[in-house]
Amino acid sequence: MNGIDVAGPQIAVLGAAGVILLVDALVPQQRRLLPFIALIGLAVSALWTISWVARDDYQTAFGGTLSLDHFSVFFYFLFAGITAMVVLASIDWVNREGRGQGEYYALVLTACSGLMFLSAGRDLITIFIALELSSIPQYVLAGWGKDVRSSEAGLKYLLLGAIASSLLLYGMALLYGVTGTTMLAEIGETIAWSGDANRSVLVVAMTLLIAGFGFKMAVVPFQMWVPDVYQGAPTPVAAYLSVGSKAAAFAVVTRIFFEALGARFLSDDWSNVFAVLAAVTMTVGNVMAIVQTDIKRMLGYSSIAQAGNFLVGLAAISVAGGEFTLGASGVLFFLAAYAFTNLGVFVAVIAISQKIGSDQIRDYAGMWKRSPFLSLGLAFCLVSLTGIPPTAGFWAKLYIFNAGIRADLTWLVVVGVLNSLVSAYYYWGVIRQLFTGASEDSTAIRTSPSIGLSLGVAAAGVFVFGILPMPLISAARDAAAIFAQH
Amino acid sequence: MELTVLVFLPAVAAALILLLPQKQEGLARWIALAASVAILALSIWMFFDFDKGQTGFQYVVRKEWVDVGSFNLQYFLGADGLSMPLLVLTTALTAASVLVSFSVTMRPRAYYACLMVLSTSVLGVFCALDFMLFFLFWELELFPMFLLIAVWGSGRKEYSATKFVLYTIFGSAFMLVGILVLAFSQGTFDIEQLGQAQIAGTAIPVGWVFLFLFIGFGVKLPIVPLHTWLPDAHSDAPTAVSVMLAGVLLKMGGYGILRMCVTILPGVADDYSVWFAAIGAVSILYGGFITLRQTDLKRLVAYSSVSHMGIVLLGIGALGSTALMGATYQMLAHGVITGLLFGMVGLMYDRTHTREIARLGGLARQMPLLATGMVFAGFGSLGLPALGGFIAEVTVFLGTFERYEWAVLMGIFGVVLSAGYILWTMQRVVFGPVRHEWDSLPDQNHWWEHSVVAGLAALVIVLGVYPALVMDMIGPAINTIMLRVGS
């Protein structure tokens, strides 16, 4: 029973998925209740997590493969929140689409449980299975739309995802071959004990892991799928991919590299790799984003650029003065701030695109007159993505760049700051469209309660954590502190 | 506590305004007016309550804000003799800008909310004593300014608003790097502590840190050649925004240079002082010559601001107590005078709907009150004795003469130019043959217009005939800076 209690937050979410399928099949006239069942499941999951926090009894289950610690608790809350926002943002779209409502919410929830398992896995096999549990529903969701582009997005995501999974499996197999175990902690101990005898194999394994997860993190050069999939997939699903899937990938990479591959002779290698990837990723993402005319493609490239910012935190493992986990806590804090911000952007885009039937940035002209609420919310979140105070995005960048400077990566921070300047250009390009120009159609856009609520929550989060970032920073520091004992 | 109320009252007003239902949107301007009168009264009370004999910061509020181990940030506000007059200037001009836009009917809720947030931002900049808090307030101004220009502006407003944003972001990116390097090397963001520490051992040479901060502040001041956003922003902004922009936003740059660059890095400031004087003198002359050629009334005043802010930089370059006091005084005087001047231009524009100097003329007959105000503001701007600008300019030139004679000579020539362009403009706009197309237009006729003009004009006179009122307060603060420079 203990294992079920530890995995409670995931089980609650999966249970809700099951209930949704049953309700959908047995009482189809009550379909409008489905999203609420999903929200209730997520709330139960969050309450279950809270009960663990209250019990203050962090433990592992299933032979140590699943770990309930500050790190996974942080992500349980994050994923429950993200999924709830995605569900809220999906309601209008799903209702309009009409078909497969039950399946849609069930898949979203299943993916959520996979993401949660990913953040809690301390064993390579568990991690791999969790990855598939979260990915397969997302492949289906990406192809959910009726048009050809959505099918193309789903197929592309599936094929590239399969390649990534195989690379990952290869890397994991090599790690197992060298160390004889799949448990992260034991891998770390074995490597520390055996020294750099197997270094060359470990470097190959690491490269494969980075390539495999790089796909999910949307890091250059594994980013090709991002703009196509974001553009083609239904917008709520693109929001889910850009925030949930990315956050989980960063969570698991942080855990594997800090816990299993944290030995000094290895971390010197991979921190350099991450530093170079960070610089390349943010630069490519930002430069490509400038020339986009489709807002979803632009957001795709922008999410690539943001992934480059996260990588700065991973590269900063060599922080001097015992602040080993500063970079990791920076990644977590940035992920949470980014989740609020990017969801806000996507929710506004969903609401606007539905009404104007276009994703072209130029069609957003004069949106201010049609919906001040959506325009202000979107603009505020874009300000946060740029990294201008008083927003959560500002603190995220400040915190992670601080870690970079402390790890003697000043050159990378300079690249990061310059990139923020470049990003200002295209983010403010959208803001400029919103508040200036005129559209031919000037009918007001009414926002549905679910869209209003999710955008309101996102913008409020961006603002509140933009003024008082301390609670979120503390949570991220506590979560990252689990790596400090090594 | 007083400062917290002062800074955040406008923000609270902004929130209230945004919560108004559509039917009640007419109330927006009254809420904005009430808030701005309240902060004006509060700041005046604080001004007279201020202990002039004491150096250091007063009305201090200090709370833990963000503590992440490797750096600590505080919610730390305080005012000294340098910031107190600037706070009063800001509240006065906030009230003025609310009053000059009392007739705005297009989306009044968003408009007044933006104005109020702008006010919070500037007030915060003038009294924040934590460098990151300062930066937060500094950036807070960006978004409302963008909206105010882009939505309620005229002409090429989109272009101007975007240019304003990009210039500011460019400058603040440099500033942020400077702030971080400085703070990490000293382990504190506390401006008071940084202002007493010997800065050494920074990650990049202190000269670079200074330069980065200077670029950030210089864009705002503005200095030639970083000034090109200013005429565009001014000419396309609505009147109230021009008043705020010229009146107080530019002063954020001058204040930043004095408070941060000079106080924290006095050694570097001393080494570079000749560059300050040179850039200041060039700004005065260049601004003056360009102003002569302007055909648009608002662009004309905007370029004259470039010239007048050059005087501030010239005074800072001299790094003597007289010159620094003059520079501070110039910020105040220019704030009030140019605020008034933009107000007058705006009121004229509201009636004639043109800013083209060639199309105006003889307005003294049709609008005697407006014309009087205009001429009065013009006299202030050209530095007529007994008005505020004169005291400031004379003090700066006297203080600078010993160190950079050549720069003062250039500066004085700039003042001659300003007499030229102001008088010439007045001749073309206010006097000369009457144009009958303006016959039917009303003169200054609303109570809010009368009160703005009368209030600001009175301030110009007070600054001109009773400088001790403010100088006594600026003096001790400047002496503190001079002690740093001297050591």
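Taking residues in region B:149-161 that are more than 7 Å from chain A (Cβ to nearest Cβ) and more than 17 Å from residue B:114 (Cα to Cα), and partners anywhere that are of a type in the set (Val, Ile, Thr) and buried (at least 22 other Cβ atoms within 10 Å of the Cβ), the pairs with Cβ atoms closer than 6 Å and at least 6 places apart or on different chains are B:160/B:149. For region A:320-363, the tally of residues that are touching a residue at least 24 places away in the same chain (Cβ under 8 Å), within 25 Å of residue A:85 (Cβ to Cβ) and assigned to a loop (DSSP other than H, G, I, E, B) stands at 1.
Of the residues making up region A:464-480, those that are at the interface with chain B (Cβ under 9 Å from one of its Cβ atoms) and open to solvent by less than 50 Å² (accessible area, probe 1.4 Å) are A:466, A:469, A:470, A:473, A:474.
Using the structure shown, decide if residue A:165 is among the polar types (S, T, N, Q) and surrounded by 17 or more Cβ atoms within 10 Å (Cβ to Cβ).
Details: among the polar types (S, T, N, Q): yes; surrounded by 17 or more Cβ atoms within 10 Å (Cβ to Cβ): yes.
Yes; evaluated as a whole, the condition is true for this residue.
Take residue B:423 and decide whether it is touching a Lys or Arg at 6+ places or on another chain (Cβ under 7 Å) and farther than 19 Å from residue B:278 by Cα. The answer is no for residue B:423.
Among the residues of region B:429-487, count how many are acidic (Asp, Glu) and open to solvent by less than 60 Å² (accessible area, probe 1.4 Å). Steps first, please.
In the first step, residues of region B:429-487 are kept if they are acidic (Asp, Glu); the result is B:437, B:439, B:443, B:449, B:472.
After this cut, where a residue has to be open to solvent by less than 60 Å² (accessible area, probe 1.4 Å) as well, the list is B:443, B:449.
The number of residues fulfilling the criteria is 2.
The set of residues in region A:375-393 that are over 27 Å from residue A:476 (Cα atoms) and either open to solvent by 10 Å² or more (accessible area, probe 1.4 Å) or not in a helix (DSSP H, G or I) (or both) contains only A:376. Taking (1) touching a Phe, Trp or Tyr at 6+ places or on another chain (Cβ under 6 Å); (2) within 14 Å of another protein chain (Cβ to nearest Cβ) in turn, residue A:461 satisfies each apart from (2). Only one entry of B:76, B:102 meets the criterion of being in contact with an Asp or Glu (Cβ under 6 Å, 6 or more places away or on another chain), open to solvent by less than 10 Å² (accessible area, probe 1.4 Å) and touching a residue at least 40 places away in the same chain (Cβ under 8 Å), and that entry is B:76. Of the numbered criteria (1) within 22 Å of the chain's Cα centre (by Cα); (2) within 12 Å of chain A (Cβ to nearest Cβ), the one residue B:185 fails is (1). Within region B:272-290, which residues are modelled with pLDDT of 90 or more and open to solvent by 10 Å² or more (accessible area, probe 1.4 Å)? Those that are modelled with pLDDT of 90 or more and open to solvent by 10 Å² or more (accessible area, probe 1.4 Å): B:274, B:275, B:278, B:279, B:282, B:285, B:286, B:289, B:290. Only one of the listed residues (B:199, B:204) is surrounded by fewer than 22 Cβ atoms within 10 Å (Cβ to Cβ), within 13 Å of chain A (Cβ to nearest Cβ), not in a helix (DSSP H, G or I) and not basic (Lys, Arg). That residue is B:204.
For region B:215-270, which residues satisfy the criterion of being part of a helix (DSSP H, G or I) and among the hydroxyl-bearing types (Ser, Thr, Tyr)?
Keep residues of region B:215-270 that are part of a helix (DSSP H, G or I), which gives B:215-220, B:229-236, B:239-264, B:266-270.
Correct list: B:235, B:239, B:242, B:255, B:263.
Here residue B:113 passes the criteria (1) more than 18 Å from the chain's Cα centre (by Cα); (2) surrounded by fewer than 24 Cβ atoms within 10 Å (Cβ to Cβ); (3) within 25 Å of residue B:39 (Cα to Cα) except the one numbered (2). The conditions are (1) touching an Asp or Glu at 6+ places or on another chain (Cβ under 8 Å); (2) more than 17 Å from residue A:164 (Cβ to Cβ), and residue A:206 fails exactly one of them. Which is it? For residue A:206, the failing item is (2).
Condition test on residue B:425, is it surrounded by 14 or more Cβ atoms within 10 Å (Cβ to Cβ), hydroxyl-bearing (Ser, Thr, Tyr) and within 30 Å of residue B:57 (Cα to Cα)?
Numbers: surrounded by 14 or more Cβ atoms within 10 Å (Cβ to Cβ): yes; hydroxyl-bearing (Ser, Thr, Tyr): yes; within 30 Å of residue B:57 (Cα to Cα): no.
It is false that residue B:425 is surrounded by 14 or more Cβ atoms within 10 Å (Cβ to Cβ), hydroxyl-bearing (Ser, Thr, Tyr) and within 30 Å of residue B:57 (Cα to Cα).
Residues that are under 14 Å from the mean Cα position of the chain (by Cα) and among the aromatic types (Phe, Trp, Tyr): does region B:264-277 have at least one? Looking for residues that are under 14 Å from the mean Cα position of the chain (by Cα) and among the aromatic types (Phe, Trp, Tyr), one finds none in region B:264-277, hence no. Considering (1) under 30 Å from residue A:451 (Cα atoms); (2) at the interface with chain B (Cβ under 10 Å from one of its Cβ atoms); (3) open to solvent by less than 30 Å² (accessible area, probe 1.4 Å), the lone condition that residue A:396 does not fulfil carries the number (2). Taken together, A:16, A:7 contain a single residue that is modelled with pLDDT under 95, aliphatic (A, V, I, L, M), closer than 24 Å to residue A:121 by Cα and buried (at least 19 other Cβ atoms within 10 Å of the Cβ), which is A:7. Scanning region A:389-413 for residues being without any contact (Cβ under 8 Å) to a residue 24 or more places away in the chain and either in contact with a helix residue (DSSP H, G or I) (Cβ under 6 Å, 6 or more places away or on another chain) or within 10 Å of residue A:462 (Cα to Cα) (or both) gives a total of 1.
The set of residues from region B:36-66 being open to solvent by 80 Å² or more (accessible area, probe 1.4 Å) and part of a loop (DSSP other than H, G, I, E, B) comprises B:54, B:55.
Is it true that some residue in region A:265-278 is hydroxyl-bearing (Ser, Thr, Tyr) and buried (at least 24 other Cβ atoms within 10 Å of the Cβ)? Walk me through how you get there before you give the answer.
Here is the first cut: in region A:265-278, the ones hydroxyl-bearing (Ser, Thr, Tyr) are A:267, A:271.
Still in the list and also buried (at least 24 other Cβ atoms within 10 Å of the Cβ): none.
No, region A:265-278 contains no residue that is hydroxyl-bearing (Ser, Thr, Tyr) and buried (at least 24 other Cβ atoms within 10 Å of the Cβ).
Just name the residue that is farthest from the other protein chains (Cβ to nearest Cβ) out of those in region B:121-134 that are in contact with a Pro (Cβ under 9 Å, 6 or more places away or on another chain) and modelled with pLDDT of 95 or more. Filtering first and then ranking leaves B:123. Of the numbered criteria (1) closer than 30 Å to residue A:367 by Cβ; (2) within 10 Å of chain A (Cβ to nearest Cβ); (3) open to solvent by 10 Å² or more (accessible area, probe 1.4 Å), the one residue B:146 fails is (3).
Scanning region A:405-455 for residues that are under 25 Å from the mean Cα position of the chain (by Cα), away from chain B (no Cβ under 11 Å), within 23 Å of residue B:205 (Cα to Cα) and in a helix (DSSP H, G or I) turns up A:412, A:415.
The values are calculated or read from the model by the stated rules, or taken from the named source; none is laboratory data. The structure displayed is predicted, hence computed values, not measured ones. Note: ideal-geometry Cβ built from the backbone for every residue, glycine included; neighbour counts use all protein chains shown. Only protein heavy atoms, including side chains, enter the accessible area calculation; ligands, DNA and RNA are left aside. Shrake-Rupley method; radii C 1.70, N 1.55, O 1.52, S 1.80 Å.
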